Structures are given as structure tokens and as C-alpha cells.
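This report concerns only the one structure given below.
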Amino acid sequence: MRRPAGGSSRHRPGLAAVAVIGALALAGCGGPDSDSDAAASGTELSVGAAYIPQPVSDSMAAGFLTITNEGDAADELTSVTSGAGEVTVHETVGGTMKEVDRLEVPAHGRLVFKSGGNHLMFEKLKQRPKQGQSVAVELHFAHSDPVTVELPVKAATYQPTDGHSGHSEESGH
């Protein structure tokens, strides 16, 4: 970065502080050489295919996403929090939905939240999310650090093209 003539170098400590903060943030990402609990536990979590269909209710909505674990150890999703309202985790087995305290994220596997299956249930919404907005959630795990995810609000009829089927060419299912 070039400074205009007569500029001061007094701002360089600020740049150094930004560089240090950036390095610390990257160190917290839990790479293979990290000393974090997640790396020590063998989990490497990432989240994708996140969305909320625009709710038809003023007080309730559903959320969907896929949590991928590239690590050698399983983890568990233990809770989800959001400033948008209360969030609970629901499992659907044999067409029956029930609230659960935790769901496993298998080693080298995925935990899929999809329409008609496992999902996040938003209740007591502070405001009804509209298409084009997003809702932030924080995912809490038994072993890994929390992960913050933005769920974009899609049309009520939105159907994802990938990431939620639970079956893919990549997984061999």
C-alpha cells in the first residue's frame, strides 16, 4: 500500500495488529496442525447447503443444512442457538418427527437436515424472515467449537438441487 507524500508511518502498528488478529483468527480454524480441541478430537466440521424456506407462519420456520465431518472421529450436534428465536433439533424417523437433544455427525460422513427429514425448528420468531434475508444460527457440538452459519431465506417452494438428498455419487450411496 502506498502512502501519499507527507504521510506518517504512525499507522503501521495498526496494520500489524490487524495482521496479528487475522493470523489468530486463521489459527482458530482448526487446521491439521492446530492444538484446538476439534483437531485433537479428530473432527473437521464444515457446513453447507444451508437455507430456510420463507415461512408461512409468523412464529415458526424450518431450517436445513448439511454438516460434513472430514475428521477421523465422530462428533454430535448438541444444540442450536439464534437471535431470531428459539431453535430445536428435530429428527424424523419413519415419518414421525421428534425433538432430540443431539444428533451424531459421523467420522468421514455427513449429518443432513432436509425437507421431510431431520431439520431445525425455529419457534417464537422475533420477526418473520423474508426471502432475500438471512438468519444466523450457532451450531454447538460435543467436541468441536461452535460454528456460526448464515441461512439464506429462500422461496417457500425452494427445492435444493444438491447437498440434502443424503445420497450422492460422492458418498457411494
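The values are calculated or read from the model by the stated rules, or taken from the named source; none is laboratory data. Note that the coordinates shown come from a computational prediction; the quantities given were computed from them, not determined experimentally. Glycine also receives a Cβ, built like all others from the backbone with ideal geometry; neighbour counts cover every protein chain displayed. Areas reflect the complete protein model, heavy atoms only, side chains present, ligands, DNA and RNA absent. Shrake-Rupley method; radii C 1.70, N 1.55, O 1.52, S 1.80 Å.
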Excluding residues on the same chain fewer than 8 positions from Lys126, give the lysines whose Cα lies under 20 Å from its Cα.
Lys154
How large is the accessible surface per residue of region 49-173, computed with a 1.4 Å probe and reported in Å² as a whole number?
54
Taking the Cα atoms of region 100-163 alone, what are Rg (to one decimal) and Dmax (as a whole number) in Å?
13.5, 37
Given a Förster distance of 22 Å, the FRET efficiency implied by the Cβ-Cβ spacing of Gln127 and Thr88, rounded to the nearest 0.05, works out to 0.70
Would you tally the net charge around Phe122, using a Cβ to Cβ cut-off of less than 12 Å, leaving Phe122 out, and scoring K and R as +1, D and E as -1?
0
Among the Cα-Cα pairs of region 65-142, the proportion with separation greater than 14 Å, in percent, is 65
